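Take a look at the structure set out below.
Derivation of every value follows stated rules applied to the coordinates shown; laboratory data play no part. Quick caveat: nothing in here was measured; it's all calculated off a predicted structure. Glycine gets a Cβ as well: all are built from the backbone with ideal geometry, and neighbour counts include every protein chain shown.
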Amino acid sequence: MAITTVLFDLDGTLLPMDQEEFIRAYFSLLAKKLAPRGYDPKALYPALLAGIEAMVVNDGSRRND
């Protein structure tokens, strides 16, 4: 079965956490996992941050998808 959706809890609503430490460790591991699949690890982090920022600044007038 192919993975079609990945959900992120980046605001600590499910578990208390050090967000900076989490982001650093998680994105590092994610980049290592995706690199063999053709994703450039150096481009991945900025692309993910851009997507997260777009969701954060969304005033609700647009769907996040």
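Name the residue, out of 54, 35, that is more than 16 Å from residue 7 (Cα to Cα) and of a type in the set (A, V, I, L, M).
Only one candidate passes the filter, namely 35.
Could you go through region 56-63 and let me know if any residue there is part of a helix (DSSP H, G or I), aliphatic (A, V, I, L, M) and surrounded by 11 or more Cβ atoms within 10 Å (Cβ to Cβ).
Checked region 56-63: no residue is part of a helix (DSSP H, G or I), aliphatic (A, V, I, L, M) and surrounded by 11 or more Cβ atoms within 10 Å (Cβ to Cβ).
Across region 9-51, what is the total count of residues that are in a loop (DSSP other than H, G, I, E, B) and without any contact (Cβ under 8 Å) to a residue 24 or more places away in the chain?
So the first thing to find is which residues in region 9-51 are in a loop (DSSP other than H, G, I, E, B), and the list is 9-18, 38-40.
Those still in the list that are without any contact (Cβ under 8 Å) to a residue 24 or more places away in the chain too: 9, 11-18, 38-40.
Qualifying residue count, region 9-51: 12.
Kindly indicate the residue of region 1-47 that is aliphatic (A, V, I, L, M) and more than 23 Å from residue 65 (Cα to Cα) and also surrounded by the fewest Cβ atoms within 10 Å (Cβ to Cβ) among those meeting that condition. Give the steps one after another, and end with the answer.
Step one: filter region 1-47 for residues aliphatic (A, V, I, L, M), giving 1-3, 6-7, 10, 14-15, 17, 23, 25, 29-31, 34-35, 43-44, 47.
Checking which are more than 23 Å from residue 65 (Cα to Cα) leaves us with 15, 17, 25, 29, 35.
Working: 15: 7, 17: 13, 25: 11, 29: 10, 35: 13.
Looking at the filtered set, the residue picked out is 15.
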